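The values are calculated or read from the model by the stated rules, or taken from the named source; none is laboratory data. All values derive from a computational prediction rather than experimental measurement. Here the Cβ is made from the backbone with ideal geometry for all residues, glycine too, and neighbour counts use every protein chain on show. The area values use the complete protein model at the heavy-atom level, side chains included, leaving out ligands, DNA and RNA. Shrake-Rupley method; radii C 1.70, N 1.55, O 1.52, S 1.80 Å.
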Amino acid sequence: MLKSRKELDAELDGTARAWLDGALAEAAHDATARDAARARADGGAGTTPPDSPYASPPWELRYAAAGRHCGPAHADSVRSLLLIEARAPLPSVTRLYEQGTAAERRAVLLTLDRLGLGDRALPLVEDALRTNDTRLVAAAVGPYAAAHLDPHAWRHAVLKCLFTGVPVDAVARLGERARGDAELARMLSDFAAERTAAGRDVPADLRTALALALTTPAAPTEES
């Protein structure tokens, strides 16, 4: 669960709070500078494109150091706040994911739905779902995936959770997207049959997801 700035301030010591204040100020400064650069480019006053994929602003170094300065327990929340304060553009988000540790990648995935990137960050979700790192898989099936993964990819994400032991509770909007999904029901039924044939138990999470997929969606009500 990501913590708010207020919650972090209550839990961090003075040194960590001061570090966070500086880090967030750098992130906000970068966001303002990019807005100004974009305005100049739109007005024809300059030719330097904003959101360069090559330049790493100082706050990105702070992102990597969050665990060291604020503690591993707070690192996800601190990194998420940095991404949000910087209004992180896709080049930064991609760079932090591709060059980051598993913990740094997880924070990116947990924050994608708050960055206004549309579906442009889907390759990062798809990459995480190809791993067997349960921390990344769980983070990848959050609200961003629920909003942007197409039905085929989303169904396979649900199966990935079942294969890797990630609780289906981690799948955002599971009830909404799974309900009445006949193809998902088929895939889950096949998976359950394979486990039964192999003499293995059918996990409770699989039964939960299958029950949702077999549920007939409620008929829309007529507006009076």
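With a Förster radius of 25 Å applied to the beta-carbon distance between Ser4 and Thr131, the computed FRET efficiency rounds to 0.30.
Other residues within the sphere of radius under 14 Å centred on the Cβ of Lys6, judged by their own Cβ, net out at -1 (K and R +1, D and E -1). Note on Ala102 and Asp150: with the Förster distance fixed at 30 Å, the Cβ-Cβ geometry gives a FRET efficiency of about 0.70.
Candidate values (1) 20.8, 70; (2) 16.6, 50; (3) 17.7, 53 were compared with Rg and Dmax of the Cα atoms in Å computed on the shown model; the agreeing label is (1).
At R0 = 45 Å, how high is the FRET efficiency between Ser189 and Arg38 if r is their beta carbon distance? Nearest 0.05 is fine. With R0 = 45 Å, the Cβ-Cβ based efficiency is 0.35.
Take the alpha-carbon centre of segment 180-208, take the same for segment 1-45, and report the distance between them in whole Å. That distance is 46 Å. Label-to-label distance for Ala170 and Ala182 is 3.1 nm, based on points extended 7 Å past Cα in the beta-carbon direction.
Shown here is the pair-distance distribution of segment 66-163: with all Cα-Cα distances grouped in 5 Å bins from zero up to the longest one, the shares run 2, 14, 27, 25, 18, 10, 3, 1, 0 percent.
Fully extending the segment from Val202 to Thr15 would add 62.4 nm, taking 0.36 nm per residue of separation and subtracting the current Cα-Cα distance. Given a 1.4 Å probe and the protein chains as shown, His152 ends up with an accessible area of around 120 Å². Here the dipole of the chain is about 320 debye; that uses its Cα centre as origin and unit charges on the Cβ of Lys and Arg (positive) and Asp and Glu (negative).
Highest GNM mean-square fluctuation among Asp169, Asp35, Asp181, for the chain modelled with Cα contacts below 10 Å: Asp35.
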